[in-house]
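Novice: Shown below is the structure under consideration.
The values are calculated or read from the model by the stated rules, or taken from the named source; none is laboratory data. Fair warning: this is a prediction, and the values are worked out from it, not measured in the lab. Don't worry about glycine lacking a Cβ; one is built from the backbone with ideal geometry, like all the others, and counts go over all protein chains shown. What goes into the accessible areas is simple: the full protein's heavy atoms, side chains included, and nothing from ligands, DNA or RNA. Shrake-Rupley method; radii C 1.70, N 1.55, O 1.52, S 1.80 Å.
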Amino acid sequence: MELRGRRRERETLDRLLRDVRGGQSRVLVLRGEAGAGKTALLDYLAGHAPDGRVVRAAGVEPETELAYSALQQLVAPLLEHLGRLPEPQREALSTAFGLSAGPPPDALIVGLAVLGLLAEAASERPLVVVVDDAQWLDRMSEVILTFVARRLDAESVALVFAARSSADPEVPLLGGLPELPVDGLPEADALALLDAVLPGLVDARVKDRIVAETRGNPLALLELPRDLSPAELAFGFSSSPSAGRGSSSPLSGSLPPLGDIPGGLSAQVGGKSVHAERALVGRIEDGFRRRMAGLPADTRTLLLTAAVEPVGNVPLLWRALVRLGVGPEAAAPAEAAGLVELGARVRFRHPLVRSAAWRAAEPAELRAVHQALAEVTDPEQDPDRRAWHRAHATAGPDEDVAAELERSAGRALARGGRAAAASFLERAAELTLDAGLRAARTLAAAHARFAAGAVGQVPDLLAAAELGPLDAVQRASAERLRARVAFTQNTGRSAIPPLLEAAGRLAELDPAAARETYLTALGAAVNAGRLGEPASSGSGHAGSARGSADLRAVVDAAAGMAGGDEPAGRLLAGLIAWQREGIAAAAPVLAAAVAALPEDRDLELLWLTGMVAHEIWDDAAFLDRTERAVAAARAGRLLSVLPTALTFRATALVYTGRFADATSLLDEAATLAQNTAGPSPHPATAVILAAHRGRSPELIDSLEAEARAGGAGWLLGVAGYSRAVLHNGLGNYAAALAAAREATGFDDLAVVQWGLVELVEAAARTGDGVVAAEARERLSERTKSIGTAWARGTQALADALAAPSSSAGIEDHYRTAVEELGATRLSLQLARARLLFGEWLRRENRRSDAREQLRAAHEAFVAMGAEGFADRAGRELLATGETVRKRSSGVREELTSQEEQIARLAAAGRTNPEIGATLFLSPRTVEWHLRKVFAKLGVTSRRELSQAV
């Protein structure tokens, strides 16, 4: 049938195909209500791509709980290219599809594999990928296809979805992708469509009303008039018995008055109404149900069986119908009514026919159909679909079916389908009569929901599990999960009470888990910081006047636990000592805990060990562990935790002066977060980096606002420290002093000592000797018992700055600082020590000596990209009589952020597939961007590129 009234939509699709033929990739979501003509537009697209390959799939409502069902249907024709993918991607996709056994694949690796598969398939000719009824995609297929859609760039792939309008505008399906709204037909085209399908005389007012009430929806225009009699069509009079004998009420029995339609025409003035769309869909579905009601019973059974069988497998359908006593003759009435076509596959007139057949059935009829389908489904080839049919065929408890569902859950988890596994387990629990087994399966479902990211559903499942008998191990598991939920939902002070409650319950059940939960609670208190409840003075805790009651409460509760040798127990013991006795007493315990931490716990505890390493001035531990954490996350393809590891590693690289590398890692972490449901990069690192660059004070303001809104007092300390760094670098010492005093007003773990360093410098430069001396003493309390070069060098620098100008030994302090910091990998701190030493030498009129220190500092700052400090060092050098040449660092500004990332990775020796895996791009897209980079920078090889960047 001709596509009426779709000129704009056809032009958009034609333009999309031209771009794809030209080597670009394009993504589009056709969004509109049911029956708006989205599938017809997809057919148009597929029919106008003669020079390319077309693969299609559609979401099916009964399949929404089966992991990867739609994705596997879509890419099955492309698996011939599987062997051309990198081994990790090939293995992940094979495991996800059940083609081979392996560890549960990370969703991002599967996404990269699908992206690579599409790129390989399009390497010879353009590829058009069509996904209909996307609102019924299973969760994993939706996640993977959304990821792929966001990463397509220059592969000659078109990826086009059709989806209904979202029931929740705040969380739209396929949100953030380019959209083409598919609305009703314009009035003239709607009337023309009616004229083409309505026979005989039709009253013009009746046609106008049909068009108005259907809002130009093509399916409604075609289907709703079927229920009108010739008299109603010709004259507008109803023959419905409901109107009463002799009634002549216009259309009263068929089309309700406009006011009876929720969100009728009056609701369209300000835009679409979801209620109006639902009402119209409901009327179309009712129309299909009425047509089915007039069909023979066997035909209705055939339609119901076809609706429940999601794949459209005709041989399977007929085998099930034989068991239901339905013969081939039942198909003719359904086909004659235009409801279904039975060819190589089952094809419904519209998905609403499927849902109408489904919803019209009695529960006993549905169970009978599911039972027949279960009996004819191969338990070896398709065990999960068989189990799902058996589960819906069962009216009451059935241990055999429940056990089969539990096995399906295990297979789903092995393939990475956590949401599907949770659904299998929940249904298995419903069918379980034994109270203990029911509780165990419900608890397993809670763990699967948590792993799937559906944290909000976990508390109800835990409550249900605890209604049954749980043994000690199971109760401990439930409590640990409850604690994880509490910390996931809020990492601030509101998480502390539930964490303490969970830890208290775990104390007898699982002491190691209790200690780990106390450690998490302590982390929440550290995060709340100054925004928690203030501690009263004289509490018996070291530094209590600058601490919090929240932290004290956690420490007091945790101190009652016996110590443990596991990593969490060691760290907890050290942090209890830190809070109760001070850093001098705690440092050896904390140092031993960090040193003893096994490598396999680096990722898990990095959020805390990173801060502890700073607190005890252990630069080697911080640098080495962050490097190992990133390597472990990459090697294990643990992409859900990689953003956190990258962020901590970026912080380490800031202090080593590798600003460009830190920026690349933060960009990579942001890319990961954009494409996953995982955590965004910790905001502190980007702010600290910008402050040392001498840029973006607005980032600090934003961090402060975010910290106050989220109750994260620790971040307020970071904001104050970063503002002090920024202003010290720019030479605005009064502003730096105010910021540093704010930062050090609370004893935040790690942050307070950063702030004290800035406070000593700012106070010394503003001539406030009292504040400088006080800050120097507070810093000394934190360094004197620690024997690292970082601690000694930092303290020597503070001693030099805080000493009265007439004091002897100032130069020795400066030289000690440079020597000690030079023995570390902290190039940033060394350069700052050289700058301060050079400034003191110049003021002592020792220009030649000053130039040596200032020149080294200036060159280091320029190379790092620390622009504020570089300008400050440059001004001092000029004052010594030296000529300072402006230098630039980094790649040329004409490169985009993504091009700069690709350029740096290529210069570091990464191959195109490796760059693609890092940035979630196809190798072809990387190649395309590299050609642009080479042209912009005027280079012709990767060797030249490494020199340019």
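Novice: Taking N as the number of residues in the range 271-392, what is its Cα Rg relative to 2.2 N^0.38 Å?
Specialist: Computed over Cα atoms of the range 271-392, the ratio equals 1.10.
Novice: Lysine pairs, Cα distance under 29 Å, 8 or more residues apart or cross-chain: how many in the chain?
Specialist: Taking the Cα cut-off of 29 Å, the pair count is 5.
Novice: Just round it to a whole percent: the fraction of Cα-Cα distances in the range 65-113 exceeding 12 Å.
Specialist: Above the 12 Å cut-off, the range 65-113 has 61 percent of its Cα pairs.
Novice: Could you tell me how many degrees, from 0 to 90 and to the nearest 10, lie between the Cα long axis of helix 274-293 and the main elongation axis, the longest principal axis, of the Cα atoms of the chain?
Specialist: Relative to the chain, helix 274-293 is tipped by roughly 40 degrees.
Novice: Something else now. Per residue, what volume in Å³ does the convex hull of the Cα atoms of the range 775-869 enclose?
Specialist: 99
Novice: For the range 477-519, what log10 I(q)/I(0) values come out of the Debye formula at q = 0.34 1/Å, with one point per alpha carbon and no solvent?
Specialist: The computed values of log10 I(q)/I(0) come out as -1.22.
Novice: Whole Å is fine, so just give me how far the alpha carbon centre of the range 403-427 lies from that of the range 706-757.
Specialist: The range 403-427 and the range 706-757 have Cα centres spaced 48 Å from each other.
Novice: Right, here's the next one. Rg/Rh for the range 692-797: what does it come to with C-alpha atoms and Rh from Kirkwood?
Specialist: 0.98
Novice: Just for the Cα atoms in the range 338-472, what are the lengths along the principal axes, largest first, rounded to whole Å?
Specialist: Result, largest extent first: 59, 30, 29 Å.
Novice: Three principal axis extents, largest first, for the C-alpha atoms of the range 893-949, in Å?
Specialist: Answer, in whole Å and largest first: 25, 20, 15 Å.
Novice: Follow-up. State, as an integer percentage, the relative contact order of the range 762-821 based on alpha-carbon contacts under 8 Å between residues 6 or more apart.
Specialist: Reported relative contact order: 34 percent.
Novice: Using Cα atoms only, what is the angle between the long axis of helix 139-151 and the major principal axis of the chain, expressed in degrees (0 to 90) to the nearest 10?
Specialist: Roughly 60 degrees between the two axes.
Novice: Per-residue counts of other Cβ atoms within 10 Å, averaged by peptide: what ranking do you get for 562-572, 824-834, 660-670, highest first?
Specialist: Result, highest mean Cβ count within 10 Å first: 824-834, 660-670, 562-572.
Novice: Listed highest first by mean packing, meaning other Cβ atoms within 10 Å per residue, what order do 177-183, 911-917 come in?
Specialist: Ranked by mean Cβ neighbours within 10 Å, highest first: 911-917, 177-183.
Novice: Per 10 Å bin, what percent of the C-alpha pairs of the range 85-161 does each bin hold, from zero upward?
Specialist: Per 10 Å bin, starting at 0, the Cα pair percentages come out as 19, 48, 30, 2.
Novice: Using alpha carbons only, how many angstrom separate the centre of the range 932-949 from the centre of the range 368-397?
Specialist: 60
Novice: Can you tell me, using C-alpha contacts under 8 Å and at least 6 residues apart, the relative contact order of the range 905-949 as a whole percent?
Specialist: 39
Novice: Relative contact order of the range 296-373: what whole-number percent is it, with Cα pairs under 8 angstrom and at least 6 residues apart?
Specialist: 42
Novice: Something else about it: For the chain, what is the Kirkwood estimate of the hydrodynamic radius, computed as the reciprocal of the mean inverse distance between distinct Cα atoms, to one decimal in Å?
Specialist: 32.3
Novice: With n ≥ 4 as the cut-off for DSSP H runs, can you work out [θ] at 222 nm for the chain, using -39500 (n - 2.57) per run divided by the number of residues, rounded to the nearest 500?
Specialist: When only DSSP H runs of four or more count, the value is -19500 deg cm²/dmol.
Novice: What length, rounded to one decimal in nm, is gained on full extension from ASP624 through to LEU99, with 0.36 nm per residue of separation minus their alpha-carbon distance?
Specialist: Net length gain for the segment: 185.1 nm.
Novice: Then there's this: Between GLU430 and SER946, what length in nm is gained on full extension when 0.36 nm per residue of separation is reduced by their alpha carbon distance?
Specialist: 179.6 nm
Novice: Let me ask you something else. Sorted by mean Cβ packing within 10 Å, highest first, what order do the peptides 140-146, 416-422, 82-88 take?
Specialist: 416-422, 140-146, 82-88
Novice: Just the accessible area for ARG658, please: 1.4 Å probe, Å², rounded to the nearest 10?
Specialist: The accessible area of ARG658 comes to roughly 110 Å².
Novice: Here is a further query. Could you give me the ³J(HN,Hα) list for the range 52-62, computed from phi with Karplus coefficients 6.51, -1.76, 1.60 and θ = phi - 60°, whole Hz, x at Gly and Pro?
Specialist: Coupling constants for the range 52-62: x, 9, 10, 10, 10, 8, 9, x, 10, 4, x Hz.
Novice: Further, regarding this structure: Rg to Rh ratio, the range 409-511, alpha-carbon atoms and Kirkwood radius?
Specialist: Computed over Cα atoms, the ratio is 0.99.
Novice: Something else about it: So how tilted is helix 733-743 from the main axis of the chain? Cα-based, degrees 0 to 90, rounded to 10.
Specialist: 60
Novice: What is the spread of the Cα atoms of the range 1-143 along each of their three principal axes, largest first, in whole Å?
Specialist: 51, 36, 20
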